[in-house]
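Okay, so here's the structure we're looking at.
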Amino acid sequence: MIGRLVVIGLGLIGGSFAKGLRESGLCREVVGVDLDPQSRQLAVELGVVDRCEEDLVLACQGADVIQLAVPILAMEKLLALLAGMDLGQAVLTDVGSAKGNVVRAAQEAFGGMPARFVPGHPIAGSEQSGVEASNAQLFRRHKVILTPLEQTDAAALDLVDRLWRELGADVEHMQVERHDEVLAATSHLPHLLAFGLVDSLAKRSENLDIFRYAAGGFRDFTRIAGSDPVMWHDIFLANREAVLRTLDTFRNDLDALRDAVDAGDGHQLLGVFTRARVAREHFGKILARRAYVDAMNSNDLIFLANPGGRLSGRIRVPGDKSISHRSIMLGSLAEGTTEVEGFLEGEDALATLQAFRDMGVVIEGPHHGRVTIHGVGLHGLKPAPGPIYLGNSGTSMRLLSGLLAAQSFDSTLTGDPSLSKRPMNRVANPLREMGAVIETAAEGRPPMVIRGGHRLKGLTYTLPMASAQVKSCLLLAGLYAEGKTTVTEPAPTRDHTERMLRGFGYSVSVDGATASVESGGKLKATHIEVPADISSAAFFLVAASIAEGSELVLEHVGINPTRTGVIDILRLMGADIRLENQREVGGEPVADLHVRAAKLKGIEIPEELVPLAIDEFPVLFVAAACAEGRTVLRGAEELRVKESDRIQVMADGLLTLGVKCEPTPDGIIIEGGQIGGGEVHGHGDHRIAMAFSVASLRANAPIRIHDCANVATSFPNFLALCAQVGIRVAQEAQS
Ligand code: S3P
């Protein structure tokens with residue numbers, strides 16, 4: 001509870017702040033100050049304030065908080081007046097949309113920044129203005145940025161923070177300079193361009209006529225040129241330096257576009273437009289997610305899986321994740337244009353795609369799984385403009401690290417909280433042996449900073465663990481390393497890199513468990529057809545096996561022998577899976593998988609099958625829970641360092657659902673039995689969320705699965721396909 005709040009300047013922002021806090025009951029008294037008598041009268045009549053004062057000194061006497069909501073260019077004069085008054089212990093704050101100049105004005109007026117002055121900026125507004133437009137809800141779900149300085153009093157900051165939160169705002173703290181740069185780029189520059197474009201066209205009288213034909217593009221781009229000219233004039237004068245910096249950068253980019261048009265350089269134009277389009281889509285998603293997060297007050301996406309069901313039909317699950325990643329990488333490094341079909345439009349593969357766009361590769365699509373990559377050759381990548389964000393995707397980070405270690409420029413690879421916990425020394429250490437210079441966070445975790453300009457030397461390396469990612473990383477580095485790079489694996493792992501390199505005309509020699517490449521070759525663009533992902537098909541193989549009366553066909557699934565462990569394991573358990581229409585497409589074997597429900601029995605899973613089914617264990621554990629008897633898995637410690645600790649996380653969930661199981665350091669023991677309902681957690685791991693969705697087919701009560709958003713990393717249409725074949729899982733409706 002605070003005593004007296006004084007709001008100086010009763011426009012839209014000041015009025016809304018006053019009204020909202022008055023309605024909250026948090027202040028004993030809200031006093032308004034404004035030079036305009038009509039605004040003062042209206043403010044009282046409309047209940048915006050308790051009373052108004054004409055005289056600043058009288059108003060501020062005994063104030064606890066003083067909000068400065070005058071136009072930004074009036075701030076200097078106001079601060080000078082306030083500096084001459086006795087403000088007692090009052091906390092000062094403001095709403096100016098440029099902070100550097102407010103801070104400077106305060107420093108000048110007070111002879112140093114007062115500790116109890118908390119600069120602020122609500123990012124909210126409306127096309128209406130004046131005290132009559134005051135709206136107590138104006139700041140709800142809007143960002144308010146506070147820019148405290150080192151000397152800012154912690155209690156004052158806390159108080160201002162609390163006042164904005166009381167109004168429903170989402171408060172963030174930022175440095176003054178950062179605030180001004182961010183706003184210059186995201187708000188001030190677009191307004192300058194909109195005002196400038198409309199004026200430039202309108203002032204030539206011959207153009208007035210063409211406005212009659214101005215359609216959506218012009219209207220959308222210039223909407224903000226309808227904003228208050230005086231206010232914007234103030235903002236540009238106040239945020240001069242930061243605006244000039246973004247404007248100069250933009251002018252350079254605009255000149256480059258002009259030159260591209262002049263030179264008829266379609267490649268350059270396509271590069272800019274495709275990059276901009278994804279950036280815009282990404283931005284749209286962030287905004288949508290924010291609205292969603294606001295509604296939920298957390299970013300927990302919940303799947304509700306209802307018990308029972310029987311599967312039927314024919315479906316094609318999305319494209320193979322491993323092959324999709326590699327198609328972008330090798331297509332980018334090839335000479336010529338590579339067409340990809342069946343590309344997985346999931347967040348992981350899109351992260352790889354975006355990384356190469358950031359490194360200057362022009363990539364069209366994806367559109368219905370089609371991607372066109374204008375390869376730049378092995379030496380054509382350019383430095384990304386900033387850190388490369390790879391989301392949840394371990395494959396992107398590990399494979400890219402090999403490629404980037406051999407470039408002439410530095411790169412930084414970052415990821416989401418799950419990826420940021422995963423071990424990267426397994427790639428960084430052998431790459432260092434090849435001469436790479438790589439820094440990581442503690443214990444070899446991301447971010448990875450990869451220094452360019454170091455010549456790599458070929459390496460002969462025996463992998464300490466069966467990992468296709470490590471193998472692929474080193475083979476990719478080997479494309480650039482002096483001499484020969486040879487990798488031997490302790491057990492067979494997926495060989496898509498080897499196959500695809502050959503598909504691009506690059507020679508790879510494979511001798512048993514050893515694969516080698518030599519540098520000096522070239523990749524030649526090719527056509528890639530990505531088969532459906534057996535790892536995604538696995539959920540439906542188990543689902544149709546455990547749900548009585550089911551019969552399902554999964555079309556065009558990749559059955560590369562380094563990936564079919566899940567079929568072998570399920571068959572050992574008694575599953576009825578037939579491979580039909582076997583064929584080879586673009587160097588990878590595919591088939592339609594015909595699966596019928598069957599009585600499963602528990603088994604000891606042969607250890608040699610573990611790397612061949614490495615991603616399928618979460619759903620195989622569900623099969624084991626439905627089987628008769630005990631299933632034992634050993635030699636699978638790698639599962640503990642996947643997108644989550646899959647042994648622990650599955651054990652926790654299964655126990656919650658009443659399934660008897662016991663995790664071991666390198667596996668799990670599961671006793672088949674009845675599955676119950678309950679609340680389980682996906683832990684941000686796509687395959688955990690999908691596995692528990694499948695478990696519902698044999699559950700006797702609903703299963704609620706938390707933290708399912710990452711299903712979109714590998715299987716964006718999972719829920720739709722579930723609905724199509726008869727699994728009763730859906731995103732829980734938000735209240
Ligand atoms: C992958 C290899 C496997 C797998 C991952 C994809 C690949 O990882 O789990 O989902 O595309 O090379 P490891 O190589 O770490 O076992």
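The values are calculated or read from the model by the stated rules, or taken from the named source; none is laboratory data. Predicted model only: the values in this text are computed from it and were never measured. Glycine also receives a Cβ, built like all others from the backbone with ideal geometry; neighbour counts cover every protein chain displayed. Side chains included, ligands, DNA and RNA excluded: accessible areas come from the protein's heavy atoms. Shrake-Rupley method; radii C 1.70, N 1.55, O 1.52, S 1.80 Å.
For this structure, a couple of remarks:
- Subset of the stretch 384-411 that is of a type in the set (A, V, I, L, M) and part of a helix (DSSP H, G or I) - its residue that is surrounded by the fewest Cβ atoms within 10 Å (Cβ to Cβ): Leu403
- Any hit, the stretch 307-316, residues being in contact with a His (Cβ under 9 Å, 6 or more places away or on another chain) and either open to solvent by less than 10 Å² (accessible area, probe 1.4 Å) or modelled with pLDDT of 95 or more (or both): yes
- Selection count, the stretch 205-229, where residues are surrounded by 10 or more Cβ atoms within 10 Å (Cβ to Cβ) and more than 34 Å from the chain's Cα centre (by Cα): 7
- Qualifying residue in the stretch 423-433 (condition: surrounded by fewer than 17 Cβ atoms within 10 Å (Cβ to Cβ) and away from the ligand (no atom under 16 Å from the Cβ)): yes
- Residue count for the stretch 445-466, restricted to those that are within 14 Å of the ligand (Cβ to nearest atom) and open to solvent by less than 10 Å² (accessible area, probe 1.4 Å): 1
- On the stretch given as the stretch 523-544, residues that are open to solvent by 50 Å² or more (accessible area, probe 1.4 Å) and assigned to a helix (DSSP H, G or I) total 0.
- Residue match in the stretch 330-337 (condition: over 19 Å from Phe718 (Cα atoms), under 19 Å from the mean Cα position of the chain (by Cα), within 16 Å of the ligand (Cβ to nearest atom) and surrounded by 22 or more Cβ atoms within 10 Å (Cβ to Cβ)): no
- Selection of first residues in the stretch 189-204 that are open to solvent by 50 Å² or more (accessible area, probe 1.4 Å) and of second residues that are assigned to a loop (DSSP other than H, G, I, E, B), restricted to Cβ pairs under 9 Å at least 6 apart or on distinct chains, gives the following pairs, ordered by first then second residue: Phe195/Ser227.
- Answer residue from the stretch 473-509, given it is more than 16 Å from the ligand (Cβ to nearest atom) and within 27 Å of Glu608 (Cβ to Cβ) and is most open to solvent (accessible area, probe 1.4 Å) among those: Arg502
- The set of residues from the stretch 665-675 being open to solvent by 30 Å² or more (accessible area, probe 1.4 Å) and β-branched (Val, Ile, Thr) comprises just one member, Ile669.
- Condition met for Leu381 (farther than 23 Å from Glu347 by Cα and either among the acidic types (Asp, Glu) or open to solvent by less than 20 Å² (accessible area, probe 1.4 Å) (or both)): no
- Residue match in the stretch 65-72 (condition: part of a helix (DSSP H, G or I) and under 27 Å from Ser39 (Cα atoms)): yes
- Pairs where the first residue, in the stretch 458-481, is in the same structural domain as Ser332 (by the TED database) and closer than 11 Å to Met434 by Cβ and the second is near the ligand (Cβ under 9 Å from one of its atoms) and at pLDDT 95 or above, C-beta under 8 Å, 6+ apart: Cys473/Arg398; Cys473/Leu399
- Scanning the stretch 83-111 for residues that are open to solvent by less than 30 Å² (accessible area, probe 1.4 Å) and either assigned to a loop (DSSP other than H, G, I, E, B) or among the aliphatic types (A, V, I, L, M) (or both) yields a total of 13.
- Looking at the stretch 626-735, the helices (runs of 4 or more DSSP H) lying wholly inside it that each contain 2 or more residues that are within 16 Å of the ligand (Cβ to nearest atom) and of a type in the set (Gly, Ala, Ser) sit at 686-695.
- Condition met for Glu548 (closer than 27 Å to Leu719 by Cα, surrounded by fewer than 18 Cβ atoms within 10 Å (Cβ to Cβ) and away from the ligand (no atom under 16 Å from the Cβ)): yes
- In the stretch 380-390, the count of residues that are out of contact with any Asp or Glu (no Cβ under 9 Å at 6 or more places or on another chain), within 16 Å of the ligand (Cβ to nearest atom) and over 21 Å from Leu270 (Cβ atoms) is zero.
- Total residues in the stretch 693-735, condition open to solvent by less than 10 Å² (accessible area, probe 1.4 Å), of a type in the set (Ser, Thr, Tyr) and out of contact with any strand residue (DSSP E or B) (no Cβ under 6 Å at 6 or more places or on another chain): 2
- Ile145 vs. criteria touching a strand residue (DSSP E or B) at 6+ places or on another chain (Cβ under 9 Å), assigned by the TED database to the domain that holds Leu26 and open to solvent by less than 50 Å² (accessible area, probe 1.4 Å): yes
- If the condition is being touching a helix residue (DSSP H, G or I) at 6+ places or on another chain (Cβ under 6 Å) and open to solvent by 10 Å² or more (accessible area, probe 1.4 Å), then the stretch 563-576 contributes Asp568, Ala575.
- Exactly one residue out of Arg204, Arg165 is out of contact with any strand residue (DSSP E or B) (no Cβ under 8 Å at 6 or more places or on another chain), at negative phi and not aliphatic (A, V, I, L, M): that is Arg204.
- Any chance Ala80 is assigned to a helix (DSSP H, G or I), crowded, with 22+ Cβ neighbours inside 10 Å and free of Cβ contacts under 8 Å to residues at least 40 places away in the same chain: no
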